[in-house]
Amino acid sequence: MKTKQQIIINCEELETRFALLRNGRLEEYEIERLDEDELLAGSIYLGRITHLEKKLEAAFVDIGAAKNAFLHYKDMLPASYDMLDDIRHMEADGALPAKRRKKGSMLTKVADRIRGLVGKTNKAQRLKEFETKLHSGKITVADIPKMFPENSELLVQITKGPIGTKGARVSTNITIPGRYLVLLPYSDHIGLSSRIDDRKERDRLRKILAKLDVPEGMGLICRTIGEGHKSEDFEKDLQMLLKIWESASNALEEKNAPAIVYREPNLLERTVRDFLSDDIDEIVVDNPDAAKKLKADFAEFGCYDTRITLSNRAQPVFERYKVSEQVATVFNRVVQLPGGGYICIDETEALVAIDVNSGKNKNAKDQPENILRTNLEAAEEIARQVRLRNVGGLVVIDFIDMRTQRDREAVQKAMAKYVEPDRAKTRLLPISKFGLMEMTRQREHESVKDAVYDPCPYCDGSGRVKSPVSMSVEIQRRLKELLKRRSRNMSVRVIMHPTVLMRLKNDDAELLKDLEERYGKDLSFRADPTMHMEHFKLVNPDTNQEY
């Protein structure tokens, strides 16, 4: 049975939503809210180093945002020695045409690149000193503060948007992705996506890339989606990328740091660039202007696609294709599995913890088989949920304990298979003796949960508030203190949340009566629905002044 894949796009005034369905099941989900100041991963800025942190081995760069961007020392010499072996290997194989082979060492090219990145604020003498070190091949992180002192201007690209209290993370390894190619403005590297497996296809694509008219000093990477496409498609894509870089270069000359020189395309444009392939059967969009934009983008690539459908029904497009009900599970802590088990997902600042439970899937006769089946179902659902939620960093998965190594290896292989389609870089470690699997996932921007929700003003995001019993204890404690200190014949009115008042009237009525009799004071109680569950007031009923 052929898998039916659909892209559903909902365009509204403040928000654009994207969903990828496979046989009606939600597999990818993105939200974008219109904000000119938003720092999108992929955008390029002319920044200025504000200060260096030797202990962190990092620089902080002013790119015009509320918080300075973070630039690690290892990202400050982009595509230098780590790419040289690949370049030399391709030259030896004859993969690069003669016009792209230059006399002189590759380190000279790296020095030229650094000269372009550092900007005009460094003196020629300092550059000469750094070039000498480059030729020696002995650059270390200890040399970085001298090469990039404070107030240096340099071109940086956002690799991860601001998340929580952290600013954006940036790199000087500039890349501009197109439909089929990725342009490397400051690198001679020519390469192919590692996901293109067929050797004959890799050879064919390598020959196509070698014939492209790439400006001296620039490089290209063929994206996975380029597999099977003709040279004409790559030529059009390259021309588009060169126009983008020309525009960015012009902006670079005209602006002073901090300034943006290239903004990553919006969600609609990224849909065409990143998701659309021959496997997509239908694209449904609910906005006429967005539909026209999609068709125009198709035409730019030389294809007039008939798969675009405009949905103008009264029923919202996400409800029509049952996306809304599936999106709702993205915000649930508990996700049910087909066999009766379930997983619990808890996001913390340090890591994401996922617990696998057997739930109703219990059968004493076939316990090992049930455990394996539940873990395999959980592996598939976990890979899907981390994509949908866009969680990143360290993910720790607590699978149900398995008795045999064979079962653990089966779950390991299944997990590796399910995370393979993820566009974010992921890395898995084997299941430990305690049944834990550690996984890291790259994340370019905040999770869907953080994008949609703000921390609760009542509980500050903890998900908990004090119980009515706890509040009753606090109120009685405060009353005793007040009644002991104040003069006799004093009236006190206690104002609180209705839930707490219900507790006082029903369960603690005798305790409050004893207080009144002991101190000879008049006590009265009032509910205020607008009051926080954890707040209360003791006031004078005559003057309404708070004690």
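The values are calculated or read from the model by the stated rules, or taken from the named source; none is laboratory data. A quick note: this is a predicted structure, and the numbers were derived from the prediction, not measured. We place every Cβ from the backbone using ideal geometry, glycine too, and count neighbours over all the protein chains shown. Protein only, heavy atoms only, side chains kept; ligands, DNA and RNA dropped before computing areas. Shrake-Rupley method; radii C 1.70, N 1.55, O 1.52, S 1.80 Å.
Structural remarks
- For segment 289-303, the condition of being crowded, with 17+ Cβ neighbours inside 10 Å, small (G, A, S) and touching a Cys at 6+ places or on another chain (Cβ under 8 Å) holds for at least one residue.
- A count restricted to segment 448-466 and to residues that are in a loop (DSSP other than H, G, I, E, B) and farther than 14 Å from R33 by Cβ stands at 12.
- Residues located in segment 316-325, provided they are open to solvent by less than 30 Å² (accessible area, probe 1.4 Å) and either among the basic types (K, R) or under 21 Å from V391 (Cβ atoms) (or both): V323
- Within segment 491-513, considering residues that are more than 15 Å from R478 (Cα to Cα) and open to solvent by 70 Å² or more (accessible area, probe 1.4 Å), the one modelled with the highest pLDDT: M502
- Subset of segment 5-31 [modelled with pLDDT under 90 and open to solvent by 50 Å² or more (accessible area, probe 1.4 Å)]: E12, E13, L14
- Subset of segment 171-180 that is assigned to a loop (DSSP other than H, G, I, E, B) and of a type in the set (S, T, Y) - its residue that is surrounded by the fewest Cβ atoms within 10 Å (Cβ to Cβ): T175
- Assessment of segment 329-340 against the conditions (at pLDDT below 90, open to solvent by less than 20 Å² (accessible area, probe 1.4 Å) and not in a loop (DSSP other than H, G, I, E, B)) yields at least one matching residue.
- Filtered residue count, segment 6-30, keeping only those that are free of Cβ contacts under 8 Å to residues at least 24 places away in the same chain and in a strand (DSSP E or B): 2
- Single residue of D281, D286 found to be acidic (D, E), surrounded by 17 or more Cβ atoms within 10 Å (Cβ to Cβ) and over 18 Å from I158 (Cα atoms): D286
- Residues satisfying the stated conditions in segment 427-473, i.e. of a type in the set (A, V, I, L, M, F, W, C) and open to solvent by 50 Å² or more (accessible area, probe 1.4 Å): L429, F434, L436, V452, V465, V469, V473
- Cross-chain or 6+ apart pairs with Cβ under 7 Å, segment 520-541 first and touching a residue at least 60 places away in the same chain (Cβ under 8 Å), then polar (S, T, N, Q): M533/T499
- Some residue of segment 153-170 being open to solvent by less than 60 Å² (accessible area, probe 1.4 Å), touching a residue at least 24 places away in the same chain (Cβ under 8 Å), over 30 Å from G393 (Cβ atoms) and assigned to a loop (DSSP other than H, G, I, E, B): no
- Taken together, E369, E377 contain a single residue that is crowded, with 20+ Cβ neighbours inside 10 Å and not in a loop (DSSP other than H, G, I, E, B), which is E377.
- Identity of the residue in segment 53-71, more than 12 Å from L154 (Cα to Cα) and open to solvent by less than 40 Å² (accessible area, probe 1.4 Å), that ends up farthest from the chain's Cα centre (by Cα): A58
- Complete set of residues in segment 245-272 that are in contact with a strand residue (DSSP E or B) (Cβ under 7 Å, 6 or more places away or on another chain), buried (at least 17 other Cβ atoms within 10 Å of the Cβ) and assigned to a helix (DSSP H, G or I): W245, A248, L252, L267, L268, T271
- The strands (runs of 3 or more DSSP E) found wholly in segment 181-240 include none carrying at least 2 residues that are open to solvent by 30 Å² or more (accessible area, probe 1.4 Å), over 18 Å from R273 (Cβ atoms) and without any contact (Cβ under 8 Å) to a residue 24 or more places away in the chain.
- Members of segment 522-540 that are assigned to a strand (DSSP E or B) and of a type in the set (D, E, K, R): D522, R526, K537
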